[in-house]
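Visitor: Starting off with a structure, shown below.
The values are calculated or read from the model by the stated rules, or taken from the named source; none is laboratory data. Fair warning: this is a prediction, and the values are worked out from it, not measured in the lab. Virtual Cβ from ideal backbone geometry, glycine too; neighbours counted across all protein chains shown. What goes into the accessible areas is simple: the full protein's heavy atoms, side chains included, and nothing from ligands, DNA or RNA. Shrake-Rupley method; radii C 1.70, N 1.55, O 1.52, S 1.80 Å.
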Amino acid sequence: AEMPFIFFGNEFSVRLDETKRINLGKIEPEKIAQALTHFSGQEYDNLLFDCLKLRKEHKLCDWAYLEMLKSITDQFCGSGTNEAVLLMGYLYYQSGYKMRFAYDDNDNLALLVATDYMLYGHPSFMVDNTRFYPVQEVPETLNICKAAFPKEQQLSLNINESMLLDNAETESRTIVSADYPDFKFTAPINRSLIEFFETYPAASIDGSPLNRWLLHANAPLDQNLKAAIYPQLKSQIENLSEYEAASRLLNIVQTGLKYGYDEDLWGGDRTFFAEESIYYPYCDCEDRSVLFTRLVRDLLGLECILVYYPGHLASAVHFNKDVAGSYYTYEGKNYVVCDGTYLHAPIGKEMEDIAAKGATLIPLK
């Protein structure tokens, strides 16, 4: 039987029927082992096959796949129940990911997933020198089952290709440059994607807080959004020099978007993916740097870096011709500063009081 489920506004379905239910009762390692053996019978092969097929068809990144398995198992077994956790863990490790089961003193089962990233604001547990994060809310102490599974891979938080989520579009938004009023674009936004991004954890690859923007800056732009706005932008810059084209892109980011502080809007620090800065009414310095460097790399094919000053983020671009202004040298190439927050500042102009504190360069793909 098919079980339909909603995944960020998309209706998917998998083969799973009522006769496949299990009831765990009290948590004991033997029971978990028995249940996993039960799952590995042929009847759950179709479910696993369908999950992997959906992952491939919709180009789901690892985090999206984890969220999808949670949607399926919560719907089938009841949200957050031990049975849901167990089935989710089974599907997850059968899909090739590294996980461990754990349980607390109140018989609540939890799923721990391994990742090479450091997740901010999430508890973590070290098991055999690997950092694991709980998918469910857990107490500080857990009994962790150390059993490993063959060929297990860590969850990666990178988004390497544009995911294919149905375009649940909201109204579109037109963004206009103040200094070049004829330079503008109208963007439809995929609400499904925006809802998905809201679940994304803040993280960095090596635990360095300076790298916490790389996930967002290196993620490709949603292909529906690309198809909608890139032809508009290309037609307006095709006869311009690199400098002139980049000047317009910088100005539209500076003046077409309103500035807002994360603390006021979200109650804490939050970096936007490029699509979110186009969607939400406000964004801050790191969001603008992410969006600007995405546009420059995609539309002009130029290399970019992020420039971190204490308390501020800007970016810099490596032009093919000499461009005047402040620049930083990275691996033998000069990158000219472009600050998406410094209103009306031309390419090469940086905030002097902030620059005096020193800058750290963060290379982008």
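Visitor: What's the FRET efficiency of residue 46 with residue 160 using the Cβ-Cβ distance as r and R₀ = 35 Å, to the nearest 0.05? Walk me through the intermediate numbers first.
Guide: Details: r = 28 Å, r/R0 = 0.80.
FRET efficiency, residue 46 to residue 160: 0.80.
Visitor: Taking amide H atoms as placed 1.01 Å from N in the peptide plane, list the residues 5 or more away in sequence, or in a different chain, whose amide H sits under 5 Å from that of residue 350.
Guide: Close amide H contacts, sequence-distant or interchain: 326.
Visitor: Using DSSP to define loop residues, name the trypsin sites (Lys or Arg not before Pro) in segment 146-228 whose beta-carbon has at most 10 other beta-carbon atoms within 10 Å.
Guide: Numbers: sites: 146, 151, 173, 184, 191, 212, 226; in loops: 146, 151.
The qualifying sites are 146, 151.
Visitor: Moving to a separate point now. Roughly to the nearest percent, how much of the accessible area of segment 256-333 is carbon and sulfur, given a 1.4 Å probe?
Guide: Working: 1530 of 3230 Å².
That fraction is 47 percent.
Visitor: While we're here: Taking θ = phi - 60°, what integer Hz values does the Karplus form 6.51 cos²θ - 1.76 cosθ + 1.60 yield along segment 216-225, in sequence order, with x for Gly and Pro?
Guide: So the Karplus estimates, Gly and Pro as x, are 6, 5, 8, 6, x, 6, 3, 5, 5, 5 Hz.
Visitor: Between residue 198 and residue 334, what is the label-to-label distance in nm when each label sits 7 Å out along the Cα-to-Cβ direction?
Guide: 4.6 nm
Visitor: Within segment 310-347, what residues put their amide N at less than 15 Å from the label point 7 Å along the Cα-to-Cβ vector of residue 259?
Guide: Once the point is set 7 Å along Cα→Cβ of residue 259, 311-315, 339-346 turn out to lie under 15 Å by backbone N, inside segment 310-347.
Visitor: Rank 22, 72, 347 by mean-square fluctuation in a GNM of the chain with C-alpha springs under 10 angstrom and give only the top-ranked residue.
Guide: Greatest mean-square fluctuation among the candidates belongs to 22.
Visitor: What are the chymotrypsin sites (Phe, Trp or Tyr not before Pro) within segment 200-288 that DSSP puts in a loop, where the Cβ has at most 14 other Cβ atoms within 10 Å? If you can, show how the numbers build up before the last one.
Guide: Numbers: sites: 213, 243, 259, 261, 266, 272, 273, 279, 282; in loops: 261, 272, 273.
When the chymotrypsin sites (Phe, Trp or Tyr not before Pro) of segment 200-288 are filtered for loop state and at most 14 Cβ neighbours within 10 Å, 261 remain.
Visitor: Then there's this: Can you find, among 97, 163, 108, the residue farthest towards the positive end of the dipole of segment 60-209? Put +1 on the C-beta of Lys and Arg, -1 on that of Asp and Glu.
Guide: With unit charges placed on the Cβ atoms, the residue in question is 97.
Visitor: Which aspartates and glutamates, on any chain, are close to residue 56 with Cα under 13 Å apart, when same-chain ones fewer than 8 places away are left out?
Guide: 161
Visitor: Another question, if that's okay. Can you work out the accessible area per residue across segment 232-365, with the rest of the protein chains kept in place, probe 1.4 Å, in square angstrom? Walk me through the numbers before you get to the answer.
Guide: Values: 5830 Å² over 134 residues.
Each residue of segment 232-365 exposes 44 Å² on average to a 1.4 Å probe.
Visitor: Can you tell me which lysines have their Cα less than 16 Å from the Cα of residue 357? Leave out same-chain residues fewer than eight positions away.
Guide: Here the lysines satisfying the reach criterion relative to residue 357 are 349.
Visitor: Enter the accessible area per residue of segment 82-139 (Å², integer; probe 1.4 Å; all protein chains in place).
Guide: Working: 2160 Å² over 58 residues.
Heavy-atom SASA per residue in segment 82-139 reads 37 Å².
Visitor: Let me ask something else about it. Going toward the positive end of the dipole of segment 1-154, with +1 on Lys and Arg Cβ and -1 on Asp and Glu Cβ, which of 127, 4, 150 do you reach last?
Guide: Highest projection toward the positive end goes to 150.
Visitor: Leaving ligands, DNA and RNA out of it, rank 104, 182 by accessible area with a 1.4 Å probe, largest first. Let's see the in-between values first.
Guide: Numbers: 104 15, 182 120 Å².
Order by accessible area, largest first: 182, 104.
Visitor: Among all the lysines, which ones have a C-alpha under 22 Å from residue 59's C-alpha, if same-chain residues fewer than 8 places away are not counted?
Guide: 70, 98, 151, 226, 365
Visitor: Moving on. With charges only on Cβ, +1 for K and R and -1 for D and E, what is the dipole size of segment 185-249 about its Cα centre, in debye, rounded to 20?
Guide: Details: 5 positive and 7 negative charges, 19 e Å.
Dipole of segment 185-249, to the nearest 20 debye: 100 debye.
Visitor: Dipole magnitude of segment 1-134 about its Cα centre, charges +1 at Lys/Arg Cβ and -1 at Asp/Glu Cβ only, in debye to the nearest 20?
Guide: Values: 13 positive and 19 negative charges, 64 e Å.
With Lys and Arg at +1 and Asp and Glu at -1, about 300 debye.
Visitor: Another question, then. DSSP loop GluC sites (Glu not before Pro) in segment 301-365 with at most 10 other Cβ atoms within 10 Å of their Cβ, which ones? Walk me through the numbers before you get to the answer.
Guide: Working: sites: 303, 331, 350, 352; in loops: 331, 350.
Sites meeting the loop and neighbour criteria: 331.
Visitor: Take the alpha-carbon centre of segment 334-365, take the same for segment 103-127, and report the distance between them in whole Å.
Guide: If we compute the Cα centre of each part, the gap is 38 Å.
Visitor: Something else now. On average, how much accessible surface per residue is there in segment 161-224, in Å², for a 1.4 Å probe, leaving out ligands, DNA and RNA? Don't jump to the answer; show the numbers that get you there.
Guide: On the way: 2640 Å² over 64 residues.
With all protein chains present, segment 161-224 gives 41 Å² per residue.
Visitor: Just how far, in whole angstrom, is segment 210-289 from segment 2-16 if you go by their alpha carbon centroids?
Guide: Spelled out, the Cα-based centre of one part sits 32 Å from the other.
Visitor: I've got another one for you. For residue 185, list long-range residues whose amide hydrogen, built 1.01 Å from N in the peptide plane, is under 5 Å from its own amide hydrogen.
Guide: Hits under the 5 Å cutoff: 175.
Visitor: Put one equal scatterer on each alpha carbon of the chain, apply the Debye formula with no solvent term, and list log10 I(q)/I(0) at q = 0.08, 0.11 1/Å to two decimals.
Guide: These q points yield log10 I(q)/I(0) values of -0.48, -0.81.
Visitor: I would also like to ask the following. Tell me the mean residue ellipticity at 222 nm calculated for the chain from its helices only (DSSP H runs of n ≥ 4, each -39500 (n - 2.57), averaged over every residue, nearest 500). Provide the component values of the computation, followed by the final result.
Guide: On the way: 12 runs with 119 residues, N = 365.
Mean residue ellipticity at 222 nm (helix-derived): -9500 deg cm²/dmol.
Visitor: Dipole of the chain, Cα-centred, from +1 at each Lys and Arg C-beta and -1 at each Asp and Glu C-beta, to the nearest 20 debye?
Guide: Values: 32 positive and 52 negative charges, 149 e Å.
About 720 debye.
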